[in-house]
1. Quick one, could you list the DSSP H helices from the chain stretching 24 Å or more along their long axis (Cα atoms) with average Kyte-Doolittle hydropathy of 0.0 or above?
2. Evaluate Rg over Rh across region 32-77, taking Cα atoms for both radii and Kirkwood's formula for Rh.
3. Once you place label points 7 Å from the Cα toward the Cβ at residue 8 and residue 267, how far apart are they in nm?
4. How far is the Cα center of region 410-449 from the Cα center of region 1-51, in Å?
5. Whole Å is fine, so just give me how far the alpha carbon centre of region 377-409 lies from that of region 207-268.
6. Peptides 141-154, 494-507, 437-450: what's the order by average Cβ count within 10 Å, highest mean first?
7. Summarise the long-distance tail of P(r) for region 214-354 by giving the % of C-alpha pairs beyond 23 Å.
8. Give the carbon-plus-sulfur fraction of the accessible surface of the chain in %, rounded to a whole number; probe 1.4 Å, heavy atoms of protein chains only.
Amino acid sequence: MLTLQWTLILLVAAVALSAIARRLRVPYPSLLALMGAALVFVPGAPHPVLSPELALALFVAPVLLDAAYDASVRDLRDNWFPITCLVLAAVGVTTVAVAVAVKWLVPDLPWAAAVAVGAITAPPDAAAATAVLKESRPPHRIVQILEGESLFNDASALLVYRVAVSMAMGSSFSPLTGTPLLLGVVAGSVAAGAALGWLYTRLLEHVDDAPSAIVMQFAGTFGVWIASEHVGLSGILTVVAYAITIARRSPATTPARIRLPSYSVWATVVFVLNALAFVLIGLQLGPILSALGPGDRRQYAIVALAVLGVVIASRFAWVMSYNAVARWYVRRFGRLGRPSLMPPTVAGGLIISWCGMRGIVSLASALALPGGEHPFPGRDLILVIAFTVVLGTLVLQGLTLRPLLRWLDLRDDEPVAREVALAHERLLAKALAVIDGRRSGAATALRYEMEAVWSSAAGTASRGIDLDPGEYAHLRQRIMRAAREELVQLRDRGEIGDDAFHAVEVKVDRAEIYGDTVDEPKPAGAAAER
């Protein structure tokens, strides 16, 4: 009962902090991190402990799937090179730099444990950054690069993390035999995720009840993670491939009455998991710090703050070096990709460098280190380091990102708004084509309704028209089916990206369910069908 009381109190506090964050226009993870820090000093607080496997599955799987579902395949393809460099090179540089710094500061710590610290602190979490960026509306390409990085840097960092943890706990690793094995794990994870995503969408076609479908969404997410980890694959890569496959297949088969409720459910779950991650690590740090003497606390603080500085500096060093080379390449050979893509700039490099806030994956990785009778070497120190890096980056970078954006004066050229307008135009044309030639009351009413939904001009009121309800329902169903098919084709042809697709999909869903009383939707940011 005490644990339940604490959970309720802390969740209500998290909701209050989220409201304060919206009013102050700062990322809510920054305030959650401060709440977690405050819990260290609360007397009488419980000290729950999660098993390593449960910590990663519970906190990483649903949050990662939520982000991967909304990923734009077209934009990932357009920005594959800078994303790949961030995922591999930036994570690698940070891991090595942190490992060297930790080993120098704590000589007794094994190299494998030092590398694990580097892998834990290496992957940024784009949630806090994009929360600020989307409100400030910087160039769309910067947001897409950061979101793409956040999908895959967890995979590269956690692969290193798993190897380092295994070696620290007594296993051996040979690059000659281990590298081909890791490549096989990557390929197998992607293939398994795609296959399971296809199988899931086929199974879910037979579920037409919203609560049952949402339960299946969570069961599928955790089931894919557990199964992939059980057979030795990468849970992160498998879940990412699974989510992207579902995102490509489900819109044409999942009804709106299932899709819309799941937006709210998934947004709520992601919020609760973020809050619980900060709460749990704050509760675990309390007894660790209270058991340390003044000298040990000072040493822990020095090491943790040094790692925080290395994490920030190493990202700056890599991103700005890459940015300089990319700007030279564009001047020498011209830009790569679509002409509409923003070319690399110094200001863009500074923003990407400063968007290195760490989050739930770093916390979950630290919590997942083995404890108990045979603890991971330096586990208590690593927990302090992880929380300090997450807290420091979220507070220092998260709270100063908006002023930096204003100072650099980066502007969005609004490609998503243009793509949404294009989709509205095409969907209205498709709807009118279905109605074309009909002069009945139902056709007239639907013509007015579709113009009200898809046109920027106000449509004429359709109420009061004498119509046949059966004809109206049949014709309206045909229109919505044609609109949805056209929307999917626009995305598949690459004429619109997934950001525009999901924004318009919400509008189609609301028009299908609620009729012509449709407000302009805001993308929910949570996957509609998992």
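The values are calculated or read from the model by the stated rules, or taken from the named source; none is laboratory data. Small disclaimer: the values here were computed from a predicted structure and weren't measured. When we count neighbours, we look across all protein chains shown, and the Cβ atoms used for this are built from the backbone with ideal geometry, even at glycine. The protein model used for the area step is the full one, side chains on, heavy atoms only, and it has no ligands, DNA or RNA in it. Shrake-Rupley method; radii C 1.70, N 1.55, O 1.52, S 1.80 Å.
1. Values: long enough: 2-24 (33 Å, 1.63); 52-69 (25 Å, 1.54); 140-168 (42 Å, 0.66); 175-204 (43 Å, 1.24); 210-230 (29 Å, 0.78); 256-290 (52 Å, 1.39); 294-333 (58 Å, 0.47); 379-396 (25 Å, 2.20); 415-435 (30 Å, 0.88); 469-492 (34 Å, -0.94).
Span-like helices here: 2-24, 52-69, 140-168, 175-204, 210-230, 256-290, 294-333, 379-396, 415-435.
2. Values: Rg = 16.6 Å, Rh = 13.8 Å.
Here the Rg-to-Rh quotient is 1.21.
3. The answer from the label model is 2.6 nm.
4. If we compute the Cα centre of each part, the gap is 45 Å.
5. 31
6. Working: 141-154: 24.5, 494-507: 21.9, 437-450: 18.0.
So the order, starting with the most tightly packed, is 141-154, 494-507, 437-450.
7. Details: 6646 of 9870 pairs.
Cα-Cα pairs of region 214-354 separated by over 23 Å account for 67 percent.
8. Details: 15030 of 23350 Å².
Carbon with sulfur: 64 percent of the solvent-accessible area.
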